[in-house]
1. Along the charge dipole of chain B, Cβ charges K/R +1 and D/E -1, which of B:SER218, B:THR77, B:TYR49 sits furthest on the positive end?
2. Enter the accessible area per residue of chain B (Å², integer; probe 1.4 Å; all protein chains in place).
3. Would the protein assembly as shown count as rounded, prolate or oblate if I go by the C-alpha gyration tensor, calling it rounded below 1.5 in a/c and otherwise prolate when a/b exceeds b/c, oblate otherwise?
4. Rounded to the nearest 20 Debye, what is the dipole magnitude of chain A about its Cα centre when Lys and Arg each give +1 and Asp and Glu each give -1 at the C-beta?
5. Positive end of the charge dipole of the protein assembly as shown (Lys, Arg +1 and Asp, Glu -1 on Cβ, about the Cα centre): tell me which of B:GLY228, A:THR237, A:THR216 has its Cα farthest that way.
6. Just to make sure I understand: if all protein chains stay in place, what is the order of B:THR36, B:THR216, A:THR140 by accessible area at 1.4 Å, largest first?
7. By per-residue mean of other Cβ atoms within 10 Å, what is the highest-first order of A:20-33, A:101-114, A:250-263, A:168-181?
8. After finding the eigenvalues of the alpha carbon gyration tensor for the range A:43-202, what semi-axes result from the square roots of 5 times each, listed largest first in whole Å?
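The values are calculated or read from the model by the stated rules, or taken from the named source; none is laboratory data. Computed from a prediction, not measured in an experiment: that's the story for all the values here. So basically every Cβ, Gly included, is an ideal-geometry build from the backbone, and we count neighbours across all protein chains shown. Quick note on the areas: whole protein, heavy atoms, side chains included, nothing else; ligands and nucleic acids left out. Shrake-Rupley method; radii C 1.70, N 1.55, O 1.52, S 1.80 Å.
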Amino acid sequence: MSNRRFSNWAFYVPYGLWIGLFVIAPVALIIYQSFLNLDHHFSLENYATFFKSSTYLMMTVNSVWWAFLITIFTLLISYPTAYFIHQLKHAQLWLLLVIMPTWINILLKAYAFIGIFSQSGIINQFLGLFGIGPEQFLFTNASFLFVATYIQIPFMILPIYNALDDLNPSFINASRDLGATNWQTFSKVTWPLTLPGVKAGIQSVFIPSLSLFMLTRLIGGNKVITLGTAIEEHFLTTMNWGMGSTIGVILIIAMVIIMILTGDRKSSEGRLTR
Amino acid sequence: MSKFRFRWSNVYLLIVFLILYAPIAFLIFYSFNSGTTMDHFDGFTLQHYGELLADSRLIAIVLNTLLIALLSALLATTIGTMGALWIDRLSRPFFKNTVLSLNNILIVSPDVIIGASFLIFFTMLHVPLGFSSVLLSHIAFSIPIVVLMVLPRLREMNRSMLDAAADLGANRRQIFSSVILPFITPGIFSGFFMALTYSLDDFAVTFFVTGNGFSTLSVEIYSRARQGISLEINALSALMFIVTLIMIVGYYFVQQSASRRRRREAR
(Lines give C-alpha, C1' and ligand atoms only; values in the text may rest on other atoms or scores of the structure.)
Protein backbone atom coordinates (compact mmCIF):
# COMPACT_ATOMS: atom_id res chain seq x y z
CA MET A 1 0.00 0.00 0.00
CA SER A 2 2.74 2.43 0.92
CA ASN A 3 4.30 1.84 -2.49
CA ARG A 4 1.49 3.71 -4.12
CA ARG A 5 2.49 6.85 -2.30
CA PHE A 6 5.06 7.68 -4.90
CA SER A 7 4.23 11.33 -5.18
CA ASN A 8 4.75 14.36 -3.03
CA TRP A 9 3.38 17.86 -2.84
CA ALA A 10 4.47 18.62 -6.41
CA PHE A 11 1.61 16.50 -7.69
CA TYR A 12 -1.29 18.34 -6.24
CA VAL A 13 -0.03 21.88 -5.79
CA PRO A 14 -0.32 22.98 -9.45
CA TYR A 15 -3.62 21.19 -9.88
CA GLY A 16 -4.95 22.51 -6.58
CA LEU A 17 -3.89 26.02 -7.55
CA TRP A 18 -5.77 25.60 -10.82
CA ILE A 19 -8.96 24.57 -9.00
CA GLY A 20 -8.64 27.50 -6.64
CA LEU A 21 -7.70 30.16 -9.15
CA PHE A 22 -9.49 29.13 -12.33
CA VAL A 23 -12.52 27.19 -11.13
CA ILE A 24 -13.63 28.53 -7.76
CA ALA A 25 -12.39 32.12 -8.00
CA PRO A 26 -13.98 32.97 -11.39
CA VAL A 27 -17.37 31.54 -10.39
CA ALA A 28 -17.21 33.42 -7.10
CA LEU A 29 -16.17 36.60 -8.92
CA ILE A 30 -19.00 36.47 -11.45
CA ILE A 31 -21.53 36.02 -8.63
CA TYR A 32 -19.92 38.87 -6.67
CA GLN A 33 -19.84 41.12 -9.73
CA SER A 34 -23.53 40.47 -10.40
CA PHE A 35 -24.34 42.31 -7.15
CA LEU A 36 -22.36 45.40 -8.13
CA ASN A 37 -24.22 48.25 -9.79
CA LEU A 38 -22.70 50.71 -12.24
CA ASP A 39 -21.16 52.73 -9.40
CA HIS A 40 -19.54 49.57 -8.00
CA HIS A 41 -21.76 49.57 -4.95
CA PHE A 42 -23.15 46.39 -3.52
CA SER A 43 -26.84 46.13 -4.38
CA LEU A 44 -29.57 43.98 -5.81
CA GLU A 45 -30.18 46.57 -8.51
CA ASN A 46 -29.15 44.35 -11.43
CA TYR A 47 -31.47 41.55 -10.40
CA ALA A 48 -34.30 44.02 -9.87
CA THR A 49 -33.69 45.45 -13.34
CA PHE A 50 -33.57 42.00 -14.86
CA PHE A 51 -36.81 40.74 -13.35
CA LYS A 52 -38.72 44.01 -13.85
CA SER A 53 -37.72 44.55 -17.44
CA SER A 54 -39.88 42.82 -19.98
CA THR A 55 -37.02 43.10 -22.49
CA TYR A 56 -34.69 40.97 -20.39
CA LEU A 57 -37.40 38.47 -19.52
CA MET A 58 -38.53 38.14 -23.14
CA MET A 59 -34.92 37.75 -24.21
CA THR A 60 -34.47 34.90 -21.71
CA VAL A 61 -37.67 33.18 -22.83
CA ASN A 62 -36.65 33.60 -26.48
CA SER A 63 -33.19 32.27 -25.84
CA VAL A 64 -34.58 29.18 -24.11
CA TRP A 65 -37.09 28.72 -26.95
CA TRP A 66 -34.39 28.88 -29.63
CA ALA A 67 -32.13 26.53 -27.70
CA PHE A 68 -35.11 24.18 -27.39
CA LEU A 69 -35.76 24.31 -31.15
CA ILE A 70 -32.10 23.74 -31.97
CA THR A 71 -32.00 20.77 -29.59
CA ILE A 72 -35.18 19.20 -31.01
CA PHE A 73 -34.03 19.52 -34.63
CA THR A 74 -30.58 18.22 -33.74
CA LEU A 75 -32.12 15.23 -31.98
CA LEU A 76 -34.50 14.48 -34.85
CA ILE A 77 -31.63 14.39 -37.33
CA SER A 78 -29.03 12.76 -35.08
CA TYR A 79 -30.93 9.80 -33.66
CA PRO A 80 -31.57 8.10 -37.02
CA THR A 81 -28.04 8.97 -38.12
CA ALA A 82 -26.49 7.35 -35.05
CA TYR A 83 -28.84 4.39 -35.42
CA PHE A 84 -27.99 3.78 -39.08
CA ILE A 85 -24.25 4.34 -38.57
CA HIS A 86 -24.33 1.77 -35.82
CA GLN A 87 -25.62 -0.82 -38.30
CA LEU A 88 -22.84 -0.16 -40.79
CA LYS A 89 -19.86 -2.42 -41.22
CA HIS A 90 -17.10 0.09 -40.56
CA ALA A 91 -19.07 2.02 -37.96
CA GLN A 92 -16.00 3.40 -36.17
CA LEU A 93 -14.66 4.88 -39.38
CA TRP A 94 -18.00 6.55 -40.18
CA LEU A 95 -18.12 7.88 -36.66
CA LEU A 96 -14.69 9.43 -37.20
CA LEU A 97 -16.12 11.11 -40.30
CA VAL A 98 -18.92 12.54 -38.16
CA ILE A 99 -16.42 13.93 -35.69
CA MET A 100 -14.12 15.40 -38.30
CA PRO A 101 -16.20 18.51 -39.11
CA THR A 102 -16.11 19.44 -35.41
CA TRP A 103 -12.35 19.79 -35.74
CA ILE A 104 -12.81 22.49 -38.35
CA ASN A 105 -12.93 25.85 -36.67
CA ILE A 106 -16.53 26.86 -36.01
CA LEU A 107 -15.82 30.34 -37.37
CA LEU A 108 -14.85 28.91 -40.73
CA LYS A 109 -18.09 26.93 -40.93
CA ALA A 110 -20.11 30.02 -40.09
CA TYR A 111 -18.16 31.92 -42.72
CA ALA A 112 -18.94 29.23 -45.32
CA PHE A 113 -22.65 29.65 -44.63
CA ILE A 114 -22.37 33.39 -45.22
CA GLY A 115 -21.28 32.50 -48.75
CA ILE A 116 -23.89 29.78 -49.20
CA PHE A 117 -26.87 31.78 -47.96
CA SER A 118 -25.97 35.18 -49.41
CA GLN A 119 -28.20 37.11 -51.80
CA SER A 120 -26.37 35.78 -54.88
CA GLY A 121 -25.12 32.65 -53.13
CA ILE A 122 -25.34 29.05 -54.23
CA ILE A 123 -28.81 28.41 -52.76
CA ASN A 124 -30.30 31.40 -54.53
CA GLN A 125 -28.58 30.41 -57.77
CA PHE A 126 -30.09 26.96 -57.42
CA LEU A 127 -33.54 28.41 -56.79
CA GLY A 128 -33.00 30.71 -59.74
CA LEU A 129 -32.90 27.66 -62.01
CA PHE A 130 -36.55 27.10 -61.15
CA GLY A 131 -37.38 30.74 -61.64
CA ILE A 132 -37.68 31.46 -57.95
CA GLY A 133 -36.31 34.91 -57.37
CA PRO A 134 -33.53 35.60 -54.93
CA GLU A 135 -34.79 35.17 -51.40
CA GLN A 136 -33.27 36.59 -48.26
CA PHE A 137 -31.69 33.67 -46.39
CA LEU A 138 -28.81 35.23 -44.55
CA PHE A 139 -29.76 37.17 -41.40
CA THR A 140 -33.02 35.32 -40.96
CA ASN A 141 -34.13 33.23 -38.01
CA ALA A 142 -34.37 30.16 -40.23
CA SER A 143 -30.75 30.40 -41.32
CA PHE A 144 -29.68 30.86 -37.70
CA LEU A 145 -31.61 27.73 -36.74
CA PHE A 146 -30.14 25.77 -39.65
CA VAL A 147 -26.52 26.68 -38.97
CA ALA A 148 -26.82 26.20 -35.20
CA THR A 149 -28.34 22.76 -35.78
CA TYR A 150 -25.62 21.95 -38.30
CA ILE A 151 -22.92 22.78 -35.77
CA GLN A 152 -24.50 20.79 -32.94
CA ILE A 153 -25.33 17.57 -34.84
CA PRO A 154 -22.02 15.73 -34.20
CA PHE A 155 -22.24 16.44 -30.47
CA MET A 156 -25.65 14.75 -30.39
CA ILE A 157 -24.69 11.79 -32.60
CA LEU A 158 -21.71 10.79 -30.42
CA PRO A 159 -23.47 10.09 -27.10
CA ILE A 160 -26.41 8.42 -28.86
CA TYR A 161 -24.04 6.19 -30.81
CA ASN A 162 -22.23 5.26 -27.60
CA ALA A 163 -25.54 4.37 -25.96
CA LEU A 164 -26.47 2.20 -28.96
CA ASP A 165 -23.09 0.55 -28.76
CA ASP A 166 -23.60 -0.26 -25.07
CA LEU A 167 -26.98 -1.79 -25.82
CA ASN A 168 -26.81 -5.57 -25.58
CA PRO A 169 -27.99 -6.94 -28.97
CA SER A 170 -29.53 -9.99 -27.30
CA PHE A 171 -32.26 -7.71 -25.92
CA ILE A 172 -33.23 -6.85 -29.49
CA ASN A 173 -33.12 -10.50 -30.50
CA ALA A 174 -35.18 -11.49 -27.49
CA SER A 175 -37.75 -8.85 -28.32
CA ARG A 176 -37.99 -10.11 -31.92
CA ASP A 177 -38.20 -13.73 -30.78
CA LEU A 178 -41.07 -12.81 -28.51
CA GLY A 179 -42.94 -11.50 -31.55
CA ALA A 180 -42.50 -7.75 -31.23
CA THR A 181 -42.73 -5.72 -34.42
CA ASN A 182 -39.85 -3.48 -35.45
CA TRP A 183 -41.66 -0.47 -34.06
CA GLN A 184 -42.44 -2.20 -30.78
CA THR A 185 -38.83 -3.29 -30.45
CA PHE A 186 -37.69 0.25 -31.02
CA SER A 187 -40.17 1.97 -28.73
CA LYS A 188 -40.08 -0.57 -25.89
CA VAL A 189 -36.46 -1.70 -25.98
CA THR A 190 -34.05 0.40 -28.02
CA TRP A 191 -35.35 3.86 -27.18
CA PRO A 192 -35.64 3.42 -23.39
CA LEU A 193 -32.22 1.79 -23.21
CA THR A 194 -30.55 4.53 -25.23
CA LEU A 195 -32.26 7.32 -23.32
CA PRO A 196 -29.12 8.06 -21.24
CA GLY A 197 -27.29 8.81 -24.48
CA VAL A 198 -30.11 11.06 -25.64
CA LYS A 199 -30.03 12.91 -22.32
CA ALA A 200 -26.27 13.34 -22.55
CA GLY A 201 -26.72 14.68 -26.07
CA ILE A 202 -29.41 17.13 -24.99
CA GLN A 203 -27.12 18.33 -22.24
CA SER A 204 -24.23 18.95 -24.57
CA VAL A 205 -26.40 20.72 -27.15
CA PHE A 206 -28.89 22.73 -25.11
CA ILE A 207 -26.41 24.55 -22.86
CA PRO A 208 -24.09 25.75 -25.64
CA SER A 209 -27.16 26.74 -27.67
CA LEU A 210 -28.29 29.05 -24.87
CA SER A 211 -25.00 30.85 -24.97
CA LEU A 212 -24.28 31.08 -28.70
CA PHE A 213 -23.22 34.60 -29.49
CA MET A 214 -21.13 34.61 -32.60
CA LEU A 215 -23.67 32.88 -34.86
CA THR A 216 -26.44 35.23 -33.79
CA ARG A 217 -24.43 38.06 -35.25
CA LEU A 218 -22.81 36.50 -38.33
CA ILE A 219 -25.78 34.38 -39.45
CA GLY A 220 -28.80 35.60 -37.51
CA GLY A 221 -28.07 39.27 -38.14
CA ASN A 222 -28.68 40.12 -34.47
CA LYS A 223 -32.37 39.31 -34.74
CA VAL A 224 -32.11 36.48 -32.26
CA ILE A 225 -30.59 37.68 -28.99
CA THR A 226 -29.51 34.77 -26.82
CA LEU A 227 -28.31 34.96 -23.24
CA GLY A 228 -24.80 34.57 -24.63
CA THR A 229 -25.17 37.56 -26.95
CA ALA A 230 -26.53 39.65 -24.09
CA ILE A 231 -23.58 38.76 -21.83
CA GLU A 232 -21.09 39.50 -24.59
CA GLU A 233 -22.64 42.91 -25.29
CA HIS A 234 -22.73 43.88 -21.63
CA PHE A 235 -19.11 42.90 -21.14
CA LEU A 236 -17.47 44.07 -24.32
CA THR A 237 -19.74 46.76 -25.80
CA THR A 238 -21.66 48.60 -23.10
CA MET A 239 -19.10 47.73 -20.39
CA ASN A 240 -21.83 47.10 -17.83
CA TRP A 241 -20.13 44.12 -16.20
CA GLY A 242 -22.56 43.99 -13.31
CA MET A 243 -25.57 43.44 -15.54
CA GLY A 244 -23.57 41.05 -17.73
CA SER A 245 -22.66 39.00 -14.67
CA THR A 246 -26.29 38.97 -13.55
CA ILE A 247 -27.32 37.45 -16.87
CA GLY A 248 -24.37 35.10 -16.48
CA VAL A 249 -25.68 33.94 -13.12
CA ILE A 250 -29.12 33.40 -14.69
CA LEU A 251 -27.41 31.33 -17.40
CA ILE A 252 -25.56 29.29 -14.77
CA ILE A 253 -28.85 28.65 -12.96
CA ALA A 254 -30.48 27.57 -16.24
CA MET A 255 -27.54 25.25 -16.82
CA VAL A 256 -27.86 23.65 -13.39
CA ILE A 257 -31.61 23.13 -13.93
CA ILE A 258 -30.93 21.36 -17.24
CA MET A 259 -28.24 19.19 -15.66
CA ILE A 260 -30.68 18.14 -12.95
CA LEU A 261 -33.46 17.48 -15.46
CA THR A 262 -31.29 15.40 -17.75
CA GLY A 263 -30.03 13.34 -14.87
CA ASP A 264 -26.90 11.45 -14.20
CA ARG A 265 -23.61 13.10 -13.60
CA LYS A 266 -21.50 10.85 -15.76
CA SER A 267 -23.17 12.10 -18.93
CA SER A 268 -21.42 15.45 -18.66
CA GLU A 269 -18.42 13.71 -20.12
CA GLY A 270 -20.39 12.83 -23.22
CA ARG A 271 -19.13 15.73 -25.23
CA LEU A 272 -15.51 14.71 -25.22
CA THR A 273 -15.04 11.06 -24.52
CA ARG A 274 -15.91 8.69 -27.26
CA MET B 1 -38.10 -6.19 -47.47
CA SER B 2 -35.14 -5.70 -45.18
CA LYS B 3 -32.89 -4.93 -48.10
CA PHE B 4 -35.20 -2.13 -49.23
CA ARG B 5 -35.23 -0.55 -45.76
CA PHE B 6 -31.47 -0.80 -45.63
CA ARG B 7 -31.09 1.17 -48.79
CA TRP B 8 -33.29 4.00 -47.49
CA SER B 9 -31.11 4.25 -44.42
CA ASN B 10 -28.08 4.62 -46.68
CA VAL B 11 -29.76 7.42 -48.61
CA TYR B 12 -30.47 9.16 -45.32
CA LEU B 13 -26.86 8.79 -44.19
CA LEU B 14 -25.63 10.03 -47.54
CA ILE B 15 -27.70 13.19 -47.21
CA VAL B 16 -26.52 13.81 -43.65
CA PHE B 17 -22.87 13.37 -44.64
CA LEU B 18 -23.33 15.59 -47.68
CA ILE B 19 -24.71 18.35 -45.48
CA LEU B 20 -21.96 17.86 -42.90
CA TYR B 21 -19.23 18.25 -45.47
CA ALA B 22 -20.85 20.66 -47.94
CA PRO B 23 -19.73 23.90 -46.24
CA ILE B 24 -16.16 22.66 -45.92
CA ALA B 25 -16.01 21.50 -49.54
CA PHE B 26 -17.62 24.78 -50.59
CA LEU B 27 -14.95 26.83 -48.81
CA ILE B 28 -12.07 24.84 -50.25
CA PHE B 29 -13.55 24.86 -53.77
CA TYR B 30 -13.84 28.65 -53.85
CA SER B 31 -10.33 29.10 -52.49
CA PHE B 32 -9.23 28.31 -56.06
CA ASN B 33 -11.59 30.87 -57.58
CA SER B 34 -9.93 33.60 -59.60
CA GLY B 35 -12.89 35.88 -58.90
CA THR B 36 -13.42 37.63 -55.60
CA THR B 37 -16.70 36.18 -54.37
CA MET B 38 -18.11 32.83 -53.35
CA ASP B 39 -20.88 33.15 -56.01
CA HIS B 40 -19.31 32.53 -59.39
CA PHE B 41 -16.39 30.32 -60.17
CA ASP B 42 -14.47 32.31 -62.77
CA GLY B 43 -11.44 30.13 -63.17
CA PHE B 44 -8.72 28.24 -61.37
CA THR B 45 -6.01 30.17 -59.60
CA LEU B 46 -3.62 29.82 -56.69
CA GLN B 47 -3.53 33.58 -56.28
CA HIS B 48 -5.29 33.56 -52.90
CA TYR B 49 -2.73 31.17 -51.51
CA GLY B 50 -0.06 33.57 -52.70
CA GLU B 51 -1.80 36.46 -50.97
CA LEU B 52 -2.09 34.36 -47.85
CA LEU B 53 1.62 33.63 -47.77
CA ALA B 54 2.42 37.30 -48.38
CA ASP B 55 0.10 38.47 -45.61
CA SER B 56 2.64 38.81 -42.81
CA ARG B 57 0.03 39.94 -40.28
CA LEU B 58 -2.03 36.81 -40.84
CA ILE B 59 1.05 34.59 -40.71
CA ALA B 60 2.06 36.13 -37.40
CA ILE B 61 -1.44 35.40 -36.10
CA VAL B 62 -1.23 31.79 -37.29
CA LEU B 63 2.12 31.40 -35.51
CA ASN B 64 0.68 32.97 -32.35
CA THR B 65 -2.26 30.59 -32.49
CA LEU B 66 0.01 27.56 -32.89
CA LEU B 67 2.33 28.76 -30.13
CA ILE B 68 -0.60 29.25 -27.75
CA ALA B 69 -2.02 25.84 -28.68
CA LEU B 70 1.26 23.96 -28.20
CA LEU B 71 2.29 25.75 -24.99
CA SER B 72 -1.15 25.50 -23.42
CA ALA B 73 -1.53 21.85 -24.40
CA LEU B 74 1.90 20.97 -22.98
CA LEU B 75 1.34 22.77 -19.69
CA ALA B 76 -2.26 21.58 -19.37
CA THR B 77 -1.15 18.00 -20.03
CA THR B 78 1.53 18.24 -17.35
CA ILE B 79 -0.71 19.77 -14.71
CA GLY B 80 -3.69 17.63 -15.69
CA THR B 81 -1.71 14.38 -15.53
CA MET B 82 -0.39 15.27 -12.10
CA GLY B 83 -3.91 16.14 -11.05
CA ALA B 84 -5.22 12.80 -12.32
CA LEU B 85 -2.49 10.92 -10.41
CA TRP B 86 -3.49 12.82 -7.30
CA ILE B 87 -7.24 12.26 -7.74
CA ASP B 88 -6.62 8.56 -8.35
CA ARG B 89 -4.91 8.22 -4.99
CA LEU B 90 -7.60 10.03 -3.00
CA SER B 91 -9.19 7.52 -0.69
CA ARG B 92 -12.17 9.36 0.80
CA PRO B 93 -15.02 9.03 -1.73
CA PHE B 94 -16.70 12.28 -0.73
CA PHE B 95 -13.54 14.32 -1.21
CA LYS B 96 -12.76 12.53 -4.46
CA ASN B 97 -16.22 13.22 -5.87
CA THR B 98 -16.01 16.86 -4.83
CA VAL B 99 -12.69 17.26 -6.62
CA LEU B 100 -14.08 15.52 -9.71
CA SER B 101 -17.13 17.79 -9.76
CA LEU B 102 -14.91 20.86 -9.46
CA ASN B 103 -12.79 19.43 -12.26
CA ASN B 104 -15.84 19.17 -14.54
CA ILE B 105 -17.19 22.66 -13.91
CA LEU B 106 -15.17 24.24 -16.71
CA ILE B 107 -16.23 21.50 -19.14
CA VAL B 108 -19.95 21.97 -18.70
CA SER B 109 -19.81 25.75 -18.36
CA PRO B 110 -20.77 27.72 -21.46
CA ASP B 111 -17.82 29.45 -23.14
CA VAL B 112 -19.35 32.85 -22.54
CA ILE B 113 -19.40 32.31 -18.78
CA ILE B 114 -15.79 31.10 -18.79
CA GLY B 115 -14.74 34.08 -20.90
CA ALA B 116 -16.61 36.65 -18.83
CA SER B 117 -15.49 35.28 -15.47
CA PHE B 118 -11.85 35.02 -16.59
CA LEU B 119 -12.05 38.60 -17.84
CA ILE B 120 -13.19 39.76 -14.38
CA PHE B 121 -10.47 37.62 -12.80
CA PHE B 122 -7.63 38.93 -14.97
CA THR B 123 -8.76 42.53 -14.62
CA MET B 124 -8.89 42.18 -10.85
CA LEU B 125 -5.37 40.73 -10.71
CA HIS B 126 -4.12 43.30 -13.25
CA VAL B 127 -2.93 40.58 -15.62
CA PRO B 128 -2.37 42.40 -18.92
CA LEU B 129 -4.87 41.27 -21.57
CA GLY B 130 -3.00 39.72 -24.47
CA PHE B 131 -0.69 36.77 -24.90
CA SER B 132 -0.43 35.91 -21.20
CA SER B 133 -4.15 36.10 -20.45
CA VAL B 134 -5.03 34.02 -23.52
CA LEU B 135 -2.37 31.43 -22.67
CA LEU B 136 -3.51 31.17 -19.04
CA SER B 137 -7.15 30.78 -20.12
CA HIS B 138 -6.32 28.08 -22.64
CA ILE B 139 -4.30 26.16 -20.05
CA ALA B 140 -7.16 26.55 -17.59
CA PHE B 141 -9.93 25.19 -19.82
CA SER B 142 -7.77 22.33 -21.16
CA ILE B 143 -6.72 20.87 -17.80
CA PRO B 144 -10.04 19.13 -16.98
CA ILE B 145 -10.06 17.36 -20.37
CA VAL B 146 -6.59 15.97 -19.77
CA VAL B 147 -7.68 14.74 -16.33
CA LEU B 148 -10.69 12.97 -17.85
CA MET B 149 -8.48 11.32 -20.46
CA VAL B 150 -5.82 10.11 -18.02
CA LEU B 151 -8.06 8.97 -15.14
CA PRO B 152 -9.62 5.97 -16.95
CA ARG B 153 -6.15 4.62 -17.76
CA LEU B 154 -5.15 4.91 -14.11
CA ARG B 155 -8.32 3.08 -13.10
CA GLU B 156 -7.58 0.27 -15.56
CA MET B 157 -4.08 -0.16 -14.19
CA ASN B 158 -3.55 -3.44 -12.37
CA ARG B 159 -2.45 -2.60 -8.83
CA SER B 160 -0.54 -5.84 -8.46
CA MET B 161 1.91 -4.58 -11.10
CA LEU B 162 2.92 -1.86 -8.65
CA ASP B 163 3.30 -4.37 -5.86
CA ALA B 164 5.35 -6.63 -8.12
CA ALA B 165 7.65 -3.75 -9.04
CA ALA B 166 8.08 -2.87 -5.39
CA ASP B 167 8.77 -6.49 -4.45
CA LEU B 168 11.43 -6.59 -7.12
CA GLY B 169 13.13 -3.69 -5.41
CA ALA B 170 12.03 -0.71 -7.45
CA ASN B 171 11.90 2.57 -5.59
CA ARG B 172 9.05 5.08 -5.92
CA ARG B 173 10.71 6.99 -8.70
CA GLN B 174 11.38 3.81 -10.68
CA ILE B 175 7.83 2.57 -10.17
CA PHE B 176 6.55 5.87 -11.45
CA SER B 177 8.80 6.20 -14.46
CA SER B 178 8.92 2.55 -15.60
CA VAL B 179 5.50 1.20 -14.62
CA ILE B 180 2.87 3.90 -14.17
CA LEU B 181 4.01 6.41 -16.77
CA PRO B 182 4.33 3.96 -19.70
CA PHE B 183 0.92 2.54 -18.85
CA ILE B 184 -0.92 5.86 -18.86
CA THR B 185 0.97 7.31 -21.86
CA PRO B 186 -1.89 6.69 -24.34
CA GLY B 187 -4.23 8.60 -22.03
CA ILE B 188 -1.72 11.43 -21.77
CA PHE B 189 -1.44 11.59 -25.55
CA SER B 190 -5.22 11.64 -25.99
CA GLY B 191 -5.37 14.42 -23.42
CA PHE B 192 -2.67 16.37 -25.23
CA PHE B 193 -4.49 16.08 -28.57
CA MET B 194 -7.79 17.10 -27.03
CA ALA B 195 -6.13 20.09 -25.36
CA LEU B 196 -4.56 21.03 -28.67
CA THR B 197 -7.88 20.92 -30.54
CA TYR B 198 -9.73 22.77 -27.78
CA SER B 199 -7.16 25.51 -27.95
CA LEU B 200 -7.18 25.73 -31.75
CA ASP B 201 -10.96 25.65 -31.84
CA ASP B 202 -11.68 28.16 -29.14
CA PHE B 203 -13.27 31.42 -30.10
CA ALA B 204 -15.51 32.63 -27.29
CA VAL B 205 -13.09 32.54 -24.36
CA THR B 206 -10.26 34.06 -26.39
CA PHE B 207 -12.60 36.76 -27.68
CA PHE B 208 -13.27 37.89 -24.09
CA VAL B 209 -9.71 37.88 -22.74
CA THR B 210 -7.71 38.90 -25.79
CA GLY B 211 -7.83 42.67 -25.34
CA ASN B 212 -6.50 44.87 -28.12
CA GLY B 213 -3.47 44.07 -30.19
CA PHE B 214 -3.21 40.33 -29.65
CA SER B 215 -5.32 38.09 -31.84
CA THR B 216 -5.72 34.42 -32.53
CA LEU B 217 -6.96 32.90 -35.75
CA SER B 218 -10.59 32.48 -34.67
CA VAL B 219 -10.84 36.07 -33.50
CA GLU B 220 -9.19 37.28 -36.70
CA ILE B 221 -11.56 35.25 -38.88
CA TYR B 222 -14.50 36.66 -36.93
CA SER B 223 -13.46 40.24 -37.51
CA ARG B 224 -12.76 39.57 -41.20
CA ALA B 225 -16.01 37.66 -41.70
CA ARG B 226 -17.93 40.59 -40.30
CA GLN B 227 -16.48 42.73 -43.04
CA GLY B 228 -17.59 40.32 -45.76
CA ILE B 229 -16.10 37.70 -48.01
CA SER B 230 -12.38 37.48 -48.61
CA LEU B 231 -11.13 34.46 -50.49
CA GLU B 232 -7.91 34.60 -48.53
CA ILE B 233 -9.91 33.12 -45.65
CA ASN B 234 -10.97 30.31 -47.97
CA ALA B 235 -7.36 29.55 -48.78
CA LEU B 236 -6.58 29.61 -45.08
CA SER B 237 -9.41 27.22 -44.31
CA ALA B 238 -8.19 24.80 -46.97
CA LEU B 239 -4.75 24.77 -45.36
CA MET B 240 -6.29 24.35 -41.92
CA PHE B 241 -8.35 21.45 -43.20
CA ILE B 242 -5.17 19.68 -44.26
CA VAL B 243 -3.56 20.34 -40.87
CA THR B 244 -6.69 18.96 -39.21
CA LEU B 245 -6.52 15.85 -41.36
CA ILE B 246 -2.91 15.30 -40.34
CA MET B 247 -3.84 15.72 -36.69
CA ILE B 248 -6.69 13.25 -37.00
CA VAL B 249 -4.40 10.68 -38.58
CA GLY B 250 -1.97 11.26 -35.70
CA TYR B 251 -4.71 10.88 -33.12
CA TYR B 252 -5.96 7.75 -34.87
CA PHE B 253 -2.53 6.14 -34.67
CA VAL B 254 -2.21 6.97 -30.99
CA GLN B 255 -5.59 5.36 -30.38
CA GLN B 256 -4.63 2.35 -32.47
CA SER B 257 -1.39 1.76 -30.61
CA ALA B 258 -3.29 2.13 -27.35
CA SER B 259 -5.83 -0.51 -28.32
CA ARG B 260 -3.09 -2.77 -29.63
CA ARG B 261 -1.32 -2.48 -26.30
CA ARG B 262 -4.56 -3.24 -24.50
CA ARG B 263 -4.99 -6.35 -26.60
CA ARG B 264 -1.45 -7.44 -25.82
CA GLU B 265 -2.09 -6.96 -22.13
CA ALA B 266 -5.25 -8.99 -22.34
CA ARG B 267 -3.37 -11.91 -23.75
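1. B:THR77
2. Values: 12660 Å² over 267 residues.
Accessible surface, normalised per residue, equals 47 Å².
3. Values: a/c = 1.40, a/b = 1.14, b/c = 1.23.
Taking the square roots of the gyration eigenvalues as a ≥ b ≥ c, the protein assembly as shown is rounded.
4. Working: 14 positive and 10 negative charges, 122 e Å.
Roughly 580 debye for chain A.
5. The residue sitting farthest along the positive end of the dipole is A:THR216.
6. Values: B:THR36 105, B:THR216 5, A:THR140 35 Å².
Per-residue accessible area, sorted high to low, gives B:THR36, A:THR140, B:THR216.
7. Details: A:20-33: 18.1, A:101-114: 22.1, A:250-263: 16.0, A:168-181: 11.5.
Put in order of decreasing packing, that is A:101-114, A:20-33, A:250-263, A:168-181.
8. Working: eigenvalues 256, 135, 49 Å².
They are 36, 26, 16 Å, listed largest first.
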